[in-house]
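Visitor: One structure, as structure tokens, below. Some questions next.
The values are calculated or read from the model by the stated rules, or taken from the named source; none is laboratory data. Everything numeric in this text was worked out from a predicted model, so none of it was measured. Virtual Cβ from ideal backbone geometry, glycine too; neighbours counted across all protein chains shown. Heavy atoms of the whole protein, side chains included, go into the accessibility calculation; ligands, DNA and RNA do not. Shrake-Rupley method; radii C 1.70, N 1.55, O 1.52, S 1.80 Å.
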Amino acid sequence: MKVTYKHLIGAAAICSSVSVSMSSMAAMLEPFRAAQLVKSESAQAPFIEIPLAKIARVGRGWEPEQVTRIAGEKTATLYKIDRNADLEEVIRHYQTQLTDYSILYQCEARACGSANAWANNFFGDYLLYGADGSQWLAAAQDNAGNYLTIYINRRGAGDVMVRLDEVLPEQNSVDDGIIAQMDVSDIPRIRRFLNDYPDRHLIALVIGDRNTPESAIVSGDEHISKLRELLPLEAQSQVRFINSAQIAAERYGSNRVLFMFSPDN
């Protein structure tokens, strides 16, 4: 199928029409006794990763060896528990509350991979960093389809940190909607994502640099050219690149690539 301006506008419309059903979030788990709330933040996003395997180095970065990617609303809550708390007791407290959930992935200690990578690369919160041997992580899903990720670790200072990520999936997602987005320069991650869909043709909407409007189209062309050169031949034939210039930049940022299923599928 030949890519036309109509297809570009249609793809951009998909980007701008993502919405999240405002049904209530799943109830938070009961906090461990004397747990102090550090912070709680909610955000809506078209690209949320639920970890399904240990975290490992991929190229120059770190990410779980397997994830499920969804669009929706995420609420991230961080608790701090006194250094005198027994770590195993804290883990059991949360583990026993998952009886009504389907466990998608669970790990502990060094089987989870690098604790530094979980804290700084996946969750983006240095307060979670502790020893590899004292961490515990679980990813689960309830009967309503909501996701829950729990990460626990003891910091060097002795405090036990508990991170709860609850994700309410978008209710009205469509097959050819956005399935992933990432920095356009993150080639290892892009390659790995494409390996997840070896038999599906994709549209890659490339967003240029919104800080230089006069060259946004040129920037998008340059990104596409680099991607074509760096991706394997089979991946090049799998992806239809579209230069969106600044379309959707306000929502998703500049220098990004957004993947969607092609209508050819």
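Visitor: Only one residue in S215, S254 is modelled with pLDDT under 80, among the polar types (S, T, N, Q) and part of a helix (DSSP H, G or I), so which one is that? Even if it seems obvious, please write down each step before you answer.
Guide: Working: S254 fails: part of a helix (DSSP H, G or I).
One residue alone meets the criteria, S215.
Visitor: Please find, within the range 185-226, the residue that is farthest from N121 (Cα to Cα) out of those that are within 21 Å of the chain's Cα centre (by Cα) and open to solvent by less than 10 Å² (accessible area, probe 1.4 Å).
Guide: It comes out as L202.
Visitor: Additional query: Of the residues I247, I207, I242, which single one is at pLDDT below 80 and within 22 Å of A45 (Cβ to Cβ)?
Guide: I247
Visitor: Taking A109 as the residue in question, decide whether it is modelled with pLDDT of 95 or more, under 18 Å from the mean Cα position of the chain (by Cα) and within 22 Å of F32 (Cβ to Cβ).
Guide: On the way: modelled with pLDDT of 95 or more: yes; under 18 Å from the mean Cα position of the chain (by Cα): no; within 22 Å of F32 (Cβ to Cβ): yes.
So A109 fails the test.
Visitor: Let me spell it out: the conditions are (1) in contact with a strand residue (DSSP E or B) (Cβ under 7 Å, 6 or more places away or on another chain); (2) among the hydrophobic types (A, V, I, L, M, F, W, C); (3) modelled with pLDDT of 90 or more; (4) not in a loop (DSSP other than H, G, I, E, B), and A71 meets all of them except one. Which number is the exception?
Guide: So A71 meets the others, but not (3).
Visitor: Out of curiosity, is A131 assigned by the TED database to the domain that holds L52, open to solvent by 10 Å² or more (accessible area, probe 1.4 Å) and either closer than 20 Å to A53 by Cβ or at pLDDT below 90 (or both)?
Guide: Judged against the criteria, A131 is not a match.
Visitor: Please count how many residues of the range 59-78 are open to solvent by less than 30 Å² (accessible area, probe 1.4 Å) and farther than 17 Å from A139 by Cα. Even if it seems obvious, please write down each step before you answer.
Guide: Initially, the range 59-78 is screened for residues open to solvent by less than 30 Å² (accessible area, probe 1.4 Å), giving 61, 63-64, 67, 70-72, 75-78.
Within this subset, residues satisfying the condition of being farther than 17 Å from A139 by Cα are 61.
Residues that pass the stated criteria total 1.
Visitor: Does E49 meet the test of being at pLDDT 65 or above and over 29 Å from I187 (Cα atoms)?
Guide: It is false that E49 is at pLDDT 65 or above and over 29 Å from I187 (Cα atoms).
Visitor: To continue, here is another question. Being open to solvent by 40 Å² or more (accessible area, probe 1.4 Å) and either of a type in the set (D, E, K, R) or out of contact with any strand residue (DSSP E or B) (no Cβ under 7 Å at 6 or more places or on another chain) (or both) is the filter here; which residues of the range 115-128 pass it?
Guide: The answer is N116, N120, G124, Y126.
Visitor: So which of A85, A34 is over 20 Å from the mean Cα position of the chain (by Cα) and either surrounded by fewer than 18 Cβ atoms within 10 Å (Cβ to Cβ) or not in a loop (DSSP other than H, G, I, E, B) (or both)? Even if it seems obvious, please write down each step before you answer.
Guide: Numbers: A85 fails: either surrounded by fewer than 18 Cβ atoms within 10 Å (Cβ to Cβ) or not in a loop (DSSP other than H, G, I, E, B) (or both).
The conditions single out A34.
Visitor: Here is a further query. Given the criteria under 17 Å from E73 (Cβ atoms), open to solvent by less than 10 Å² (accessible area, probe 1.4 Å) and of a type in the set (D, E, K, R), does E166 qualify? Step through it out loud before you land on a result.
Guide: Working: under 17 Å from E73 (Cβ atoms): yes; open to solvent by less than 10 Å² (accessible area, probe 1.4 Å): yes; of a type in the set (D, E, K, R): yes.
Here the answer is yes, as E166 does meet what is asked.
Visitor: Please enumerate the residues belonging to the range 58-68 that are in contact (Cβ under 8 Å) with a residue 24 or more places away in the chain and either under 18 Å from R163 (Cβ atoms) or in a strand (DSSP E or B) (or both).
Guide: Answer for the range 58-68, where residues must be in contact (Cβ under 8 Å) with a residue 24 or more places away in the chain and either under 18 Å from R163 (Cβ atoms) or in a strand (DSSP E or B) (or both): V58, G61, W62, E63, P64, T68.
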